[in-house]
1. Whether any residue in the stretch 137-151 is at pLDDT 95 or above, within 25 Å of Ala61 (Cβ to Cβ) and more than 18 Å from the chain's Cα centre (by Cα) is what I want to check.
2. Looking at the stretch 163-187, I want the residues that are within 23 Å of Val93 (Cβ to Cβ) and touching a residue at least 60 places away in the same chain (Cβ under 8 Å) and have a partner that is assigned to a helix (DSSP H, G or I) and of a type in the set (Phe, Trp, Tyr) with Cβ atoms under 7 Å, at least 6 apart or on another chain. Which pairs are those?
3. Under 8 Å by Cβ, and 6 or more places apart or on different chains, what pairs join a residue from the stretch 126-147 that is in contact (Cβ under 8 Å) with a residue 60 or more places away in the chain with one that is of a type in the set (D, E, K, R) and assigned to a loop (DSSP other than H, G, I, E, B)?
Amino acid sequence: MTDKPTIETARKDASANRRVAMGAALMALLMIGAAYASVPLYDLFCRVTGYGGTTQVAEAAPGAAADRMITVRFDASLNRKLPWRFEAPKTDVKLPIGESGLAFYRAQNLTDRRITGTATYNVSPAEAGYYFSKVDCFCFTEQVLEPGQSVDMPVSFFIDPEILTDPEMDDVKTITLSYTFFEAPETAQNNSQQQPARPKG
């Protein structure tokens with residue numbers, strides 16, 4: 001008689017342990033799924049809201065909507081692992097809100113191998129990202145530079161007239177457009193695989 005409660009208790013404990021293990025496994029799967037989904041969702045969130053200075057994409061500029069002028073400055077930087085020279089336009093662009101502007105960044109491959117680069121971008125002040133729209137940009141696609149090649153890369157943009165309805169943007173006179181170039185992951189991986197093995201000493 002004394003063994004019966006012990007066996008039932010053991011069975012209950014085993015059942016409870018299985019439920020806990022299944023719950024933990026399900027939670028782990030959900031966390032993995034969330035990790036994979038977080039990057040595209042965060043990217044979508046930034047594009048929709050302009051969060052963090054993320055710019056917008058448009059088909060065409062609407063044309064000048066007001067006499068108010070905005071000065072656009074340019075900035076360029078490189079990931080330290082990318083052996084390129086990358087330069088921003090030296091001249092600021094001053095244009096009416098709604099009117100299209102055009103600027104050219106310049107990149108040069110300083111190596112004797114073909115390299116594919118990809119650019120990330122944002123604007124400052126970050127709150128202006130929602131109103132900064134690009135019609136065309138070198139950052140929309142990867143850039144492939146042959147050994148020693150130099151290229152001028154255009155970006156066409158405008159400031160959305162909706163900025164005129166945002167009182168928090170009333171004091172914004174200057175917006176800085178910034179790009180950072182990185183070596184495309186597949187190119188970096190291919191180059192590391194092609195490097196000759198070092199002789200063993």
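The values are calculated or read from the model by the stated rules, or taken from the named source; none is laboratory data. The structure presented is a predicted model; accordingly, all values stated were derived computationally and were not measured. A quick note on method: Cβ atoms are made from the backbone with ideal geometry, for glycine too, and the neighbour counts reach across all protein chains shown.
1. yes
2. Ile163/Tyr131
3. Close Cβ pairs satisfying both conditions: Tyr130/Asp160; Tyr131/Asp160; Tyr131/Asp166; Phe132/Asp160; Ser133/Asp160; Val135/Glu59; Leu145/Arg114.
Residue-wise test of (1) over 23 Å from the mean Cα position of the chain (by Cα); (2) surrounded by 18 or more Cβ atoms within 10 Å (Cβ to Cβ).
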{"site": "Pro62", "(1), (2)": "yes, no"}
{"site": "Arg68", "(1), (2)": "yes, no"}
{"site": "Arg80", "(1), (2)": "no, no"}
{"site": "Trp84", "(1), (2)": "no, yes"}
{"site": "Glu87", "(1), (2)": "no, no"}
{"site": "Lys90", "(1), (2)": "yes, no"}
{"site": "Ile97", "(1), (2)": "yes, yes"}
{"site": "Arg106", "(1), (2)": "no, no"}
